[in-house]
1. Filter region 29-44 down to residues that are more than 19 Å from Val19 (Cα to Cα), among the aliphatic types (A, V, I, L, M) and modelled with pLDDT of 90 or more, then give me how many there are.
2. Step by step: first the residues of region 46-69, then only those that are surrounded by 10 or more Cβ atoms within 10 Å (Cβ to Cβ) and assigned to a loop (DSSP other than H, G, I, E, B), then the one that is modelled with the highest pLDDT. Which residue is that?
Amino acid sequence: MSLDKSLKNKAGLARHRNVLTRTERIAVLKEEGRWTDDTLPTGLPKIVHRKVSAGAKDKKGPKTDEDGEGEGTSDAAEKKD
């Protein structure tokens, strides 16, 4: 039987999982204040577990003129004169 490629190294197990274990779900419920000690661990409510991804950042900042003004501001000022 072959081994799945995600299980061949430790990094394959470190990725985002959509399904939480029972203990992970109980920990999330405790953080949210929805878990008490007398609550039964069976029939737990669903937990929203979304992967948070950061958006791509621009490597270059906004273009500026030599004066430090933003792009297009010097042209607009010259047209008014």
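1. So the count comes out to 0.
2. Kept after step one, since they are surrounded by 10 or more Cβ atoms within 10 Å (Cβ to Cβ), are these residues of region 46-69: 47, 49, 64-65, 69.
Next, only the ones that are assigned to a loop (DSSP other than H, G, I, E, B) stay: 47, 49, 65, 69.
Values: Ile47: 85, His49: 78, Asp65: 62, Glu69: 58.
In this case the residue turns out to be Ile47.
The values are calculated or read from the model by the stated rules, or taken from the named source; none is laboratory data. Just so it is clear, the structure is predicted and the values come from calculations on it, not from any experiment. Virtual Cβ from ideal backbone geometry, glycine too; neighbours counted across all protein chains shown.
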